[in-house]
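A.B. asks: Have a look at this one before I ask anything.
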Amino acid sequence: DAAAPGDWWDGQPFDLVLVDAPCTATGVIRRHPDIKTLRRPEDVPGLASRQLDIVNALAALVRPGGCLVYATCSLLKAENHQVVAEFIRQNEAFSPANELRIDNNNGLMTVDSLGYQCFPASTGGDGFFLSRLERDRAG
């Protein structure tokens with residue numbers, strides 16, 4: 001259980017932790033149209049809460065100066081920007097580091113201080129979100 005690292009973590013910090021959080025999967029509806037019937041609007045707050053629990057728990061595994069990358073295949077701000085903003089509010093040792101370092105693929109992605117949001121494109125790609133969060137060197 002990623003929300004309970006005390007049950008399995010050996011205490012050695014990591015340079016990088018990738019959190020591929022459980023989400024509504026709204027970014028992959030093109031390939032999985034059943035998501036439209038399997039997910040309900042009332043599912044979103046519970047998923048966002050679970051996502052925040054996981055990212056908060058895994059933050060302790062990141063060494064000072066290391067990175068935590070938060071990712072979902074969701075298009076919803078409640079699962080993306082809002083989770084990251086709340087995580088930063090609760091974890092002052094982390095700050096976003098989301099400068100655009102890649103080709104923006106003809107504007108199919110939005111980038112702001114909290115992360116990258118890629119939208120499904122006519123090329124058949126999926127939608128996803130990711131945020132790179134750096135832990136300050138002091139800890």
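A.B. asks: Starting from the amide H of G65, placed 1.01 Å from N in the peptide plane, find each other amide H under 5 Å away whose residue is 5 or more places distant or on another chain.
C.D. replies: Placed amide hydrogens put R135, D136, R137, G139 under 5 Å from G65.
A.B. asks: Carbon and sulfur atoms: what percent of the 1.4 Å accessible area of the chain do they account for?
C.D. replies: Numbers: 4170 of 7630 Å².
The C+S portion of the solvent-accessible surface of the chain is 55 percent.
A.B. asks: Also, quick follow-up: Among residues other than F128 whose Cβ falls under 14 Å from its Cβ, what is the net charge (Lys/Arg +1, Asp/Glu -1)?
C.D. replies: Working: positive: R30, R31, K77, R132; negative: D20, E79, D126.
Charge balance in the 14 Å sphere: +1.
A.B. asks: P(r) for the chain: what percent of alpha-carbon pairs falls in each 10 Å bin, starting at zero?
C.D. replies: Calculated over all Cα pairs of the chain, the distribution is 12, 40, 33, 13, 1 percent.
A.B. asks: Put a dot 7 Å past each Cα toward the Cβ at H32 and Q82; how far apart are the dots in nm?
C.D. replies: Inter-label distance under the simple model: 2.1 nm.
A.B. asks: Just to be sure I understand the model, the point goes 7 Å from the Cα along the line to the Cβ. What's the resulting Q90 to W8 distance in nm?
C.D. replies: About 2.0 nm, to one decimal.
A.B. asks: Rounding to the nearest 10 and keeping the result within 0 to 90°, find how far the Cα-based axis of helix 43-59 lies from the longest principal axis of the chain.
C.D. replies: So the helix axis and the longest Cα principal axis differ by about 30 degrees.
A.B. asks: Under the definition of Cα pairs under 8 Å and six or more residues apart, what whole-number percent is the relative contact order of the chain? Walk me through the numbers before you get to the answer.
C.D. replies: Values: 260 pairs, mean separation 41.3, N = 139.
RCO, the chain: 30 percent.
A.B. asks: Using the per-residue mean of other Cβ atoms lying within 10 Å as a proxy for protection, in what order, highest first, do the peptides 124-137, 1-14 fall? Present the calculation step by step, with values, prior to reporting the outcome.
C.D. replies: On the way: 124-137: 18.4, 1-14: 11.1.
Highest mean packing first, the order is 124-137, 1-14.
A.B. asks: Please give the net charge around L68, taking every other residue with its beta carbon less than 10 angstrom from that of L68, where Lys and Arg add +1 and Asp and Glu add -1.
C.D. replies: Numbers: positive: R132, R135; negative: E134.
The answer is +1.
A.B. asks: Here is a follow-up. Between beta-carbons, use under 14 Å as the cut-off and find the net charge around A138, counting Lys and Arg +1, Asp and Glu -1.
C.D. replies: Working: positive: R63, R135, R137; negative: E92, E134, D136.
The answer is 0.
A.B. asks: For the range 13-59, place one equal point scatterer on every Cα, skip the solvent, and apply the Debye formula. What is log10 of I(q)/I(0) at q = 0.14, 0.20, 0.27, 0.29 Å⁻¹?
C.D. replies: After summing over all Cα pairs, the log10 values are -0.44, -0.73, -0.98, -1.05.
A.B. asks: Here's something else I'd like to know. Give me the angle, in degrees from 0 to 90, between the Cα long axis of helix 81-90 and the longest principal axis of the Cα atoms of the chain, rounded to the nearest 10.
C.D. replies: Value to nearest ten degrees: 10.
A.B. asks: In addition: Highest GNM mean-square fluctuation, the chain, Cα pairs closer than 10 Å: which of D20, D43, D53?
C.D. replies: Checking each option, the largest mean-square fluctuation is seen for D43.
The values are calculated or read from the model by the stated rules, or taken from the named source; none is laboratory data. Since the structure is predicted, the reported quantities are computational estimates derived from the model, not experimental observations. Counting neighbours? That spans all protein chains shown, and the Cβs are built from the backbone with ideal geometry, glycine included. Keep in mind that these areas ignore ligands, DNA and RNA; they rest on the heavy atoms of the full protein, side chains included. Shrake-Rupley method; radii C 1.70, N 1.55, O 1.52, S 1.80 Å.
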